[in-house]
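Here's the structure we're looking at; comments come further down.
The values are calculated or read from the model by the stated rules, or taken from the named source; none is laboratory data. All of these numbers come straight from a predicted model, not from anything done at the bench. So basically every Cβ, Gly included, is an ideal-geometry build from the backbone, and we count neighbours across all protein chains shown. Note: areas computed on protein heavy atoms with side chains; ligands, DNA, RNA excluded. Shrake-Rupley method; radii C 1.70, N 1.55, O 1.52, S 1.80 Å.
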Amino acid sequence: MAGPVVLASASPRRRELLQALLDEATVEPADIDERTTDDPRADARRLAREKASAVARRHPGAVVIGADTIVHDGERAYGKPGAAETATAMLRALRGKTHLVVTGIAVVSASGAASEVSASRVTLADLDDETIATYVASGRPLDKAGAYAIQDEDVPTVTALDGCYCSVMGLPLWRLRALLATAGVVAGEPHHALPRCEGCPER
């Protein structure tokens with residue numbers, strides 16, 4: 001019998017996405033050093049595992065989910081900007097360009113640890129300076145990797161996606177469902193709650 005499920009993340013988007021798989025889960029953010037290298041896939045997997053492991057140590061017997069999303073343009077990684085000036089610079093650097101969005105996920109439980117990486121190609125809209133200024137002033141970009149959210153369709157931010165929509169949001173649900181199964185957690189099929197998941201390439 002699997003233990004209680006804990007999401008090791010402060011992200012409200014991940015919490016919302018996880019509800020498409022599970023009726024019950026608690027949330028406890030992990031406090032780790034989110035350093036990166038020049039390998040976004042390895043970094044995302046490692047950080048997801050470190051987050052899950054840190055929280056798992058505080059919750060013996062629980063099934064802990066960790067996740068980390070990295071935006072990378074082939075030369076550098078873009079994390080959460082935190083400040084308006086940084087967010088503006090990120091959006092100006094990424095606008096009109098296709099880049100990589102990698103989300104690593106990990107599940108740590110009494111039966112061990114398992115991890116996966118989901119990579120998507122995203123093309124950011126060619127946002128003009130006025131649109132960027134308005135978007136940044138809303139505060140929404142400040143806590144998001146790359147300073148944008150694919151779900152902010154009122155901007156709009158993304159013009160093309162090759163990959164998993166939920167992964168770009170921060171939690172690839174089909175891959176996570178498979179990892180949870182290895183820990184004995186029976187999760188729902190995400191497309192019942194989120195119709196867009198039915199056509200996901202990772203299904």
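A few points about this structure:
- Of the candidates PRO190, PRO172, the single residue that is open to solvent by less than 30 Å² (accessible area, probe 1.4 Å), out of contact with any strand residue (DSSP E or B) (no Cβ under 8 Å at 6 or more places or on another chain) and not aliphatic (A, V, I, L, M) is PRO190.
- Scanning region 122-129 finds one or more residues that are part of a helix (DSSP H, G or I) and open to solvent by 40 Å² or more (accessible area, probe 1.4 Å).
- Set ALA137, ALA113, ALA133: member being at pLDDT 95 or above, within 18 Å of SER9 (Cβ to Cβ) and open to solvent by 10 Å² or more (accessible area, probe 1.4 Å): ALA113
- Residue check, ASP154 of a type in the set (Asp, Glu), more than 16 Å from the chain's Cα centre (by Cα) and open to solvent by 40 Å² or more (accessible area, probe 1.4 Å): yes
- Taken over region 132-164, residues that are in contact (Cβ under 8 Å) with a residue 40 or more places away in the chain and assigned to a helix (DSSP H, G or I) amount to 11.
- Any hit, region 175-190, residues being closer than 23 Å to LEU21 by Cα, touching a helix residue (DSSP H, G or I) at 6+ places or on another chain (Cβ under 8 Å), free of Cβ contacts under 8 Å to residues at least 40 places away in the same chain and in a helix (DSSP H, G or I): no
Yes/no per residue for (1) basic (Lys, Arg); (2) farther than 21 Å from ALA145 by Cα; (3) at pLDDT 95 or above:
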position	(1), (2), (3)
ARG15	yes, no, yes
ALA20	no, yes, yes
GLU28	no, no, yes
GLU34	no, no, no
ARG41	yes, no, yes
ALA56	no, yes, yes
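- A Cβ distance below 8 Å, combined with a sequence gap of six or more or placement on separate chains, defines the contacts here; from region 58-76, residues that are in contact (Cβ under 8 Å) with a residue 40 or more places away in the chain and at positive phi reach residues that are open to solvent by 50 Å² or more (accessible area, probe 1.4 Å) and small (Gly, Ala, Ser) in the pairs GLY61/ALA110.
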